[in-house]
1. Tell me, please, whether a residue that is open to solvent by 50 Å² or more (accessible area, probe 1.4 Å), in contact with a helix residue (DSSP H, G or I) (Cβ under 7 Å, 6 or more places away or on another chain) and either closer than 23 Å to residue 133 by Cβ or at pLDDT below 95 (or both) can be found in segment 258-275.
2. Which count do you get for residues in segment 125-171 that are of a type in the set (Phe, Trp, Tyr), closer than 19 Å to residue 34 by Cβ and open to solvent by less than 70 Å² (accessible area, probe 1.4 Å)?
3. Is segment 50-66 home to any residue that is buried (at least 16 other Cβ atoms within 10 Å of the Cβ), in a loop (DSSP other than H, G, I, E, B) and modelled with pLDDT of 95 or more?
4. Restricted to segment 223-244, and to residues that are in contact (Cβ under 8 Å) with a residue 24 or more places away in the chain and open to solvent by less than 20 Å² (accessible area, probe 1.4 Å), which residue is farthest from ligand 2 (Cβ to nearest atom)?
5. Out of 75, 96, 117, report the one residue that is within 16 Å of ligand 2 (Cβ to nearest atom) and of a type in the set (D, E, K, R).
6. Is there a residue in segment 292-301 that is farther than 25 Å from residue 192 by Cα, modelled with pLDDT of 95 or more and charged (D, E, K, R)?
7. Say we look at segment 184-222 and pick out the residues that are within 16 Å of residue 249 (Cα to Cα) and among the aromatic types (Phe, Trp, Tyr); which of these is most open to solvent (accessible area, probe 1.4 Å)?
8. Kindly indicate whether residue 249 is out of contact with any Cys (no Cβ under 6 Å at 6 or more places or on another chain), within 7 Å of ligand 2 (Cβ to nearest atom) and either part of a helix (DSSP H, G or I) or open to solvent by less than 70 Å² (accessible area, probe 1.4 Å) (or both).
Amino acid sequence: MKKVFRVLGFLVLAVILLVAAGAAFIQFRGVPTYEPKDFKITVKPDSTRLARGEHLVTLICADCHRGEGNKLSGKHMVDVPAMFGYVHSGNITRDKTHGAGRYSDGELIHFLRTGIKRDGSYSYVMTGFPRLSDEDIFSIVAYLRSDAPQLDPVAQSNPPCRPTFFTKFLTNTVFKPFPYPEKPIVAPPVTDKVAYGRYLVHGGVDCYNCHSANFASNNAFEPEKSKGYLAGGNILIDPTDLREIPSANLTPHPEHGIGKWTEAEFAEAVRFGKRRGGGSLSAAMPKFTVMTDEEISAIYAFLRTVPATDNAVARVK
Ligand code: HEC
Ligand code: HEC
């Protein structure tokens, strides 16, 4: 018997030592780095791309990147939960030393797809856009080079993100850069409402990411397989008062989802943060003010087709 205890004791000690060594390794190694790529490619800035790029950057990127004086010079993202550490978004103005101006078109494309920055570091908060169409990516790059006032060079170098041990642990285990797409990605035609709505919900504006159960259990490649897909409950932080706000159930469930919502009510919520029946939604739900009628209508049509999930999310007033 004594012998058994002694063996057990050694085993427990060995496990403790292994865990401690693993933790020390992760703490010391930090967030892993990867190989950056610079494709030899120059994106042609025609007027269609510039207009599309302006729309996409305003719709998708500006909320996270708008800093002082309405320039996209980056900001401290107070709404990232504290367990991930201090997060500051990047300077994406045309500045050639501090901004996106220092990236080549090829480096930008590689980063926007994978989340690997030009210095090889991995951007674990802005994890890349693996499902946006090639044409939409080109439009974003074309626009970032344009003389739009919000991109005027700002000579500001931002403080680096400071990952917690938890973030380091995640990036050493489950959070990895997206592989660069093997085939060209083409968006469905706008006229195919449901398919286009799906493209926006999964690929562009990423509604599914906040509106499924948890960022950690989302499936980036097959969003439908995410836990609690579009049924809400993911805890977000309101950037104005730092309260925890669960995301809403967007499935067509009549009681707990948006089954009874009209398209007009939906549009008011998505564009202006208006709560159905009066009042305002929390600022944890971004206001997609520039979203077009066509986009709203496509997203609404698509959300009507997903399975109605009976998930009652607690509402915080
Ligand atoms: C959820 C918030 C969020 C969204 C949305 C977002 N970004 Fe970012 N972005 C960040 C953060 C945070 C960083 C800094 C990452 C780091 O330093 O690890 C960053 C970094 C970057 C960088 C790298 C900057 C550098 O100095 O290396 C570029 C370029 C960039 N973003 C462009 C974009 C574009 C273009 C879009 C829209 C298509 C976009 N971002 C959308 C949060 C976001
Ligand atoms: C950054 C995370 C985030 C993103 C991205 C996001 N939402 Fe939300 N959304 C929320 C949160 C959190 C709430 C709950 C707000 C509240 O209860 O006050 C919410 C609420 C809503 C509501 C109100 C539902 C209700 O029952 O009151 C609608 C509609 C909505 N979102 C649609 C969308 C659509 C469509 C998209 C994509 C275009 C989207 N959201 C993207 C976080 C997000």
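1. no
2. So the count comes out to 1.
3. Checked against the condition, which is being buried (at least 16 other Cβ atoms within 10 Å of the Cβ), in a loop (DSSP other than H, G, I, E, B) and modelled with pLDDT of 95 or more, segment 50-66 yields at least one hit.
4. Once the filter is applied, the top-ranked residue is 231.
5. So the residue among 75, 96, 117 that is within 16 Å of ligand 2 (Cβ to nearest atom) and of a type in the set (D, E, K, R) is 75.
6. Looking for residues that are farther than 25 Å from residue 192 by Cα, modelled with pLDDT of 95 or more and charged (D, E, K, R), one finds none in segment 292-301, hence no.
7. Ranking the candidates gives 215 first.
8. For residue 249, the condition - out of contact with any Cys (no Cβ under 6 Å at 6 or more places or on another chain), within 7 Å of ligand 2 (Cβ to nearest atom) and either part of a helix (DSSP H, G or I) or open to solvent by less than 70 Å² (accessible area, probe 1.4 Å) (or both) - is met.
The values are calculated or read from the model by the stated rules, or taken from the named source; none is laboratory data. Just so you know, these numbers come straight off a predicted model, no measurement behind them. Note: ideal-geometry Cβ built from the backbone for every residue, glycine included; neighbour counts use all protein chains shown. Protein only, heavy atoms only, side chains kept; ligands, DNA and RNA dropped before computing areas. Shrake-Rupley method; radii C 1.70, N 1.55, O 1.52, S 1.80 Å.
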